[in-house]
Amino acid sequence: MPNRYISTCIFFLLSLQCAGKGDSLLTKSRLVRLDLSGSYTTEKSWWNDRQSFVVVKGLAESRWRTTYASGWKRNHYVYSQVGYTIFTDSFTTKSADAFKIQLRWMEKGKRKLTHTYSINMQSQWLNSWYNYGDHQEWRGGFMNPAFLEVGYSFTWEFLSNSNLMLTPATLQVNVQPKKMQLSHLSDSPLLTSRHSHIYSRYGFSGYLTIDESFYKELILLQHQSHLFFNALTAKHIQFDITNRVCIRFFKYLQLRLETSLMYFPDQSLQLQYRQEVLLGIFYEHRK
């Protein structure tokens, strides 16, 4: 059974490398963004506990777009973010750690919907630890947890740099740490290693991406959302949504308002939510 999935992925990747090969190049563009931001918070809880902490985050993303004479397009995206929360009177803990890779090969389309072959991968860079008392327990690391999705999609492009991708045939390979194994999961792992369970699922997925600038690029609006399901039950639906508004001033300064919403039943049946306001410096290069 595992060999069948591995062979399918290898054949898929080799066929995509041939897409557009030998065509003359029509257009090519590249976008790189770097952002280093931070915030300071002081709060008081219901139990009269007062604490202060500093949040520091680094963000990097890049996009490559290529169009060939035959009509084929390549649209690739790489995103990474690492952040720490520093408590002024105690310890430092990781507050953000993620990287995403989206690779898309798009056929020439006669209509608004374009046939697309896609590969999407997401994981983290650093180890995750759970603190209890004076002890720490390892809960995850590089490529654990992680997921890889391969599929045949339909893409609708709108505005200048926005698109909606629907993938009715998606193969998802999902890696979850053994330490996060929950009793409510009904799926049996495809493979089991020393530190992880590996699941394989077929289903439907969708991606909505918005990346638009307004008022001479003084305001940047970004939205990224992902949905995957193979049954209409709480245990078989996954989604994550990120909204980001950046207000730029003094050439390299940026105020970033970010909201994240995630539901991932392999980790928890509870909805996870985060909202932040960060001030920092940024750099952007277009070519």
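The values are calculated or read from the model by the stated rules, or taken from the named source; none is laboratory data. Remember, it's a predicted structure, so these values are computed and weren't measured experimentally. All Cβ positions, glycine included, derive from the backbone under ideal geometry; neighbour counts span all protein chains shown.
The figures follow:
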item: Ser205, sole failed condition from (1) in contact with a His (Cβ under 8 Å, 6 or more places away or on another chain); (2) among the polar types (S, T, N, Q); (3) more than 19 Å from Glu157 (Cα to Cα); result: (3)
item: Residue count for segment 41-95, restricted to those that are under 23 Å from Gln275 (Cβ atoms) and not hydrophobic (A, V, I, L, M, F, W, C); result: 23
item: Some residue of segment 200-220 being out of contact with any strand residue (DSSP E or B) (no Cβ under 7 Å at 6 or more places or on another chain), more than 28 Å from Tyr283 (Cβ to Cβ), of a type in the set (Ser, Thr, Tyr) and in a loop (DSSP other than H, G, I, E, B); result: no
item: Checking Phe228 against (1) modelled with pLDDT of 95 or more; (2) of a type outside the set (Gly, Ala, Ser); (3) not in a strand (DSSP E or B), the condition it does not meet; result: (3)
item: Criterion violated by Lys108 - all others in (1) over 28 Å from Ser213 (Cα atoms); (2) modelled with pLDDT under 85; (3) of a type outside the set (Gly, Ala, Ser) satisfied; result: (1)
item: Ser80 closer than 17 Å to Ser260 by Cβ, at pLDDT 95 or above and either charged (D, E, K, R) or surrounded by fewer than 18 Cβ atoms within 10 Å (Cβ to Cβ) (or both); result: yes
item: Yes/no for Leu221 being closer than 30 Å to Val150 by Cβ, touching an Asp or Glu at 6+ places or on another chain (Cβ under 6 Å) and at pLDDT 95 or above; result: yes
item: Matching entry among Lys57, Lys94 (being at pLDDT 85 or above, among the basic types (Lys, Arg) and crowded, with 18+ Cβ neighbours inside 10 Å); result: Lys57
item: Criterion: under 27 Å from Leu26 (Cβ atoms), in contact with a strand residue (DSSP E or B) (Cβ under 9 Å, 6 or more places away or on another chain) and free of Cβ contacts under 8 Å to residues at least 24 places away in the same chain - qualifying residue of Phe158, Phe154; result: Phe158
item: Count of segment 147-163 residues which are of a type in the set (A, V, I, L, M) and part of a loop (DSSP other than H, G, I, E, B); result: 1
